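The values are calculated or read from the model by the stated rules, or taken from the named source; none is laboratory data. If you're wondering where the values come from, they're calculated on a predicted model, not measured in any experiment. Counting neighbours? That spans all protein chains shown, and the Cβs are built from the backbone with ideal geometry, glycine included. Heavy atoms of the whole protein, side chains included, go into the accessibility calculation; ligands, DNA and RNA do not. Shrake-Rupley method; radii C 1.70, N 1.55, O 1.52, S 1.80 Å.
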Amino acid sequence: MTDTAQKAIRAFLEQTRDEQVRFLAELVKVPSDNPPGDCAPHAERAAALLEAMGLTVERHPVPAELVRANGMISATNLIVRRRFGDGPTVALNAHGDVVPPGEGWSRDPYGAEVVDGWMYGRGVAVSKSDFVTYAYALLALEKAGLDRGTVELHLTYDEEAGGEIGPKWLLDEGLTKPDFAIAAGFSYGVVTAHNGCLHLEVEVTGKSAHAALPMTGIDALEATTAILGALYEHRKGYADTVSAVGGIGSPQLTVGLIKGGINTNVVPDRVTLRLDRRMIPEEAPETVEADLRAVIADAATAFPKARVEVRRILLARPLTPLPGTDRLAAVLCAHASRVMGEPVETKGVPLYTDARHYSDAGVPIALFGAGPHTIEEANAHRADERLPLSDLFKATEVVALSLLEVLGEG
């Protein structure tokens, strides 16, 4: 890695800052809320903008039936490939679908307004900003004259719906086979591990009856209450288990959705609940699921007339480092520490991301991208989501210099 190449990268990125801001603003201005998940229009706009920069964009529409099966309306994933020469392939993944804005905004969630150096808008931090980070890092490498390896942009559209038809679909379909990957993250940490997640749906079926004669029915809510009590009691033990990975903490269990009953004066014949179980990297998902099913089954034995069914809705395995992850992370940390002006280290986060799909496919991956120190500071998934533009510029430089080093070494 030569000083000349580094200087070329910095000069190009300095000269194109206004372009980067305009690109991000255009991405924010096109809604891509998921749900409802009608994301193909955003993908087409992003593709057109990338093509205007001189990049070749592959459009990969996900089959309609598969989109519907994943609770969405439309999804088109984008791949940009730039082969510089022999050597490894590094994929850069960011997702363009976002959570709906919700209430409480002080600014237009699709306005991309810039105030005191911060851009506001839904998705500006998670993770439309990294469309910009990765695209301009790629363009900077072209200006620097890189002559080794391949860089791919994977711009996908289903992270907020579970991530099954984004990177996973691209990998399963054989559309890409990278040697390393970097996924969207924040600028002040390099994430190499994160939680997994298990969603279970529990349906308790009883028999309706008039409230004047409840003994003639089977109260599904009563049985459900016992199951809930058992789950909450089981949850108390999680605090005793703490991940060895910094930033992860303990396992978590949340019952986030309950529905059921017919009317106030009717014995409820059916109650459904959904639970979210966050798994630390040290846990085996199969064991976690078996334990929860056992807790539910044991609680249900007190109500033999009620029927209890448990269905798995989602299984996202934890992200753990693979051979090669440490080297990639070390390069990112070194450049980020210098550019950000403070120590940037590897860490884990207590959530799950699309990065797991690359890891599951045997691809070493780390998360790094544009953003402030924390998701709270960015108001991620909350009203007034925002991004400091200075961090956008710095993160782009970090990614470009890291790719130059990784690919330059072969």
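Among residues other than Ala226 whose Cβ falls under 11 Å from its Cβ, what is the net charge (Lys/Arg +1, Asp/Glu -1)?
Details: positive: none; negative: Asp219, Glu222, Glu233, Asp298.
Net of charged neighbours comes to -4.
Can you give me the accessible area per residue for the chain, using a 1.4 Å probe, in Å²? If you can, show how the numbers build up before the last one.
Values: 17030 Å² over 410 residues.
About 42 Å² of surface per residue is accessible.
Quick one: check the C-alpha center-to-center distance for region 122-142 versus region 2-44, whole angstrom.
4 Å
Starting from the Kirkwood Rh over alpha-carbon pairs, what translational D in µm² s⁻¹ does region 134-220 have by Stokes-Einstein at 37 °C and 0.692 mPa s? Numbers along the way, then the final one.
Details: Rh = 18.4 Å.
Reported coefficient: 179 µm²/s.
Based on C-alpha coordinates, I'd like the Rg and Dmax of region 175-304, in Å.
Just the Cα atoms of region 175-304 yield Rg and Dmax of 19.9, 67 Å.
How long are the semi-axes of the ellipsoid equivalent to region 239-280, from square roots of 5 times the Cα gyration tensor eigenvalues, in whole Å, largest first? Display every interim value, and only then the final one.
On the way: eigenvalues 266, 12, 8 Å².
Listed largest to smallest, the semi-axes of region 239-280 are 36, 8, 6 Å.
Run a plain Debye calculation on region 345-407 (Cα atoms as equal point scatterers, no solvent) and give log10 I(q)/I(0) at q = 0.18, 0.25 Å⁻¹, rounded to two decimals, same order as the q list.
-0.86, -1.21
Go through Trp105, Tyr134, Ala144 and say which Cα lies farthest out towards the positive end of the charge dipole of region 1-154; charges sit on Cβ, +1 for Lys and Arg, -1 for Asp and Glu.
Farthest along the dipole direction, towards plus: Ala144.
Tell me the Rg and the Dmax, in Å, that the Cα atoms of region 80-155 produce.
For region 80-155, the Cα-based Rg and Dmax read 16.1, 51 Å.
Go through Lys207/Lys259; Lys236/Lys347; Lys7/Lys143; Lys207/Lys305 and tell me which ones have a Cα-Cα distance over 18 Å in this structure. Could the numbers behind the result be given before it?
Numbers: Lys207/Lys259 16 Å; Lys236/Lys347 26 Å; Lys7/Lys143 10 Å; Lys207/Lys305 9 Å.
Result: Lys236/Lys347 exceed 18 Å.
Can you list residues whose amide H is under 5 Å from Glu345's amide H, if they're 5+ apart or on another chain and H is modeled 1.01 Å from N?
When sequence neighbours closer than 5 places are left aside, the close amide H contacts are Val190.
Quick one: pull the percentage of alpha-carbon pairs in region 1-84 with a separation above 14 Å.
The share of Cα pairs beyond 14 Å in region 1-84 comes to 72 percent.
Just to be sure I understand: of the beta bridges DSSP finds with both ends in the chain, what percent are antiparallel, rounded to 5?
Roughly 70 percent of the DSSP beta bridges within the chain come out antiparallel.
List the trypsin sites (Lys or Arg not before Pro) within region 43-142 that DSSP assigns to loop and that have no more than 16 neighbouring Cβ atoms inside 10 Å. Display every interim value, and only then the final one.
Working: sites: Arg45, Arg59, Arg68, Arg81, Arg82, Arg83, Arg107, Arg122, Lys128; in loops: Arg107, Arg122, Lys128.
Here the trypsin sites (Lys or Arg not before Pro) that fit, given the DSSP loop and packing criteria, are Arg107.
If you scale each eigenvalue of the Cα gyration tensor by 5 and take the root, what three semi-axes come out for region 318-365, rounded to whole angstrom and sorted largest first? All intermediate terms of the calculation are to be shown ahead of the outcome.
Numbers: eigenvalues 97, 32, 11 Å².
Output for region 318-365: semi-axes of 22, 13, 8 Å.
Based on the Kirkwood radius over alpha-carbon pairs, what value in µm²/s does the Stokes-Einstein equation return for the translational diffusion coefficient of region 302-404 at 10 °C and 1.306 mPa s?
Numbers: Rh = 16.4 Å.
Estimated via Stokes-Einstein, D reaches 97 µm²/s.
Could you tell me the convex hull volume per residue, in Å³, taken over the Cα atoms of region 36-91? Walk me through the intermediate numbers first.
Numbers: hull volume 5.1 nm³, N = 56.
With only Cα atoms used, region 36-91 gives 91 Å³ per residue.
Would you pull out the residues with amide H under 5 Å of Gly369's amide H, same chain only if 5 or more places away, H placed 1.01 Å from N?
Gly185, Phe186, Ser187
Roughly how many percent of the accessible protein surface of region 101-143 is carbon and sulfur, given a 1.4 Å probe and a whole-percent answer?
Details: 630 of 1440 Å².
About 44 percent, which is the carbon plus sulfur part of the accessible surface.
Quick one: give the max-minus-min coordinate of the C-alpha atoms of the chain along each principal axis, largest first, in Å.
Largest first, the chain extends 84, 41, 41 Å along its Cα principal axes.
Among Leu198, Pro36, Thr216, which residue has its Cα positioned farthest towards the positive end of the charge dipole of the chain, with +1 placed on the Cβ of Lys and Arg, -1 on the Cβ of Asp and Glu, and the dipole taken about the Cα centre?
Thr216
Hey, what D do you get for region 25-162 in µm²/s if you plug the Kirkwood alpha-carbon radius into Stokes-Einstein at 20 °C and 1.002 mPa s?
Numbers: Rh = 15.7 Å.
Value of D from the Cα-based Kirkwood radius: 136 µm²/s.
Which value, in Å³ per residue, describes the convex hull spanned by the Cα atoms of region 191-252?
Numbers: hull volume 5.8 nm³, N = 62.
It comes to 93 Å³ per residue, whole-number rounded.
Select from region 100-167 those GluC sites (Glu not before Pro) which occupy a DSSP coil region and have at most 10 other Cβ atoms within 10 Å, ordered by residue number.
Working: sites: Glu103, Glu113, Glu142, Glu152, Glu159, Glu160, Glu164; in loops: Glu103, Glu113, Glu164.
When the GluC sites (Glu not before Pro) of region 100-167 are filtered for loop state and at most 10 Cβ neighbours within 10 Å, Glu103 remain.
In region 279-380, what percent of the accessible surface is made up of carbon and sulfur (1.4 Å probe, ligands and nucleic acids excluded)? Please report the intermediate quantities before stating the final value.
Details: 2510 of 4540 Å².
Summing carbon and sulfur atoms, their accessible area is 55 percent of the total for region 279-380.
Leaving out ligands, DNA and RNA, and with a 1.4 Å probe, what % of the accessible surface on region 185-230 is carbon or sulfur? Write down the numbers at each step before the final one.
Working: 990 of 1590 Å².
Answer for region 185-230 is 62 percent, counting heavy atoms of protein chains only.
Would you grab the residues whose amide H sits under 5 Å from the one on Ala209? Only those 5+ places off in sequence or on another chain, please, with H modelled 1.01 Å from N.
Result for Ala209 returns Val267.
Given a cut-off of under 8 Å on Cα pairs at least six residues apart, what relative contact order in percent is computed for the chain? Could the numbers behind the result be given before it?
Working: 929 pairs, mean separation 95.6, N = 410.
Normalised by residue count, the contact order of the chain is 23 percent.
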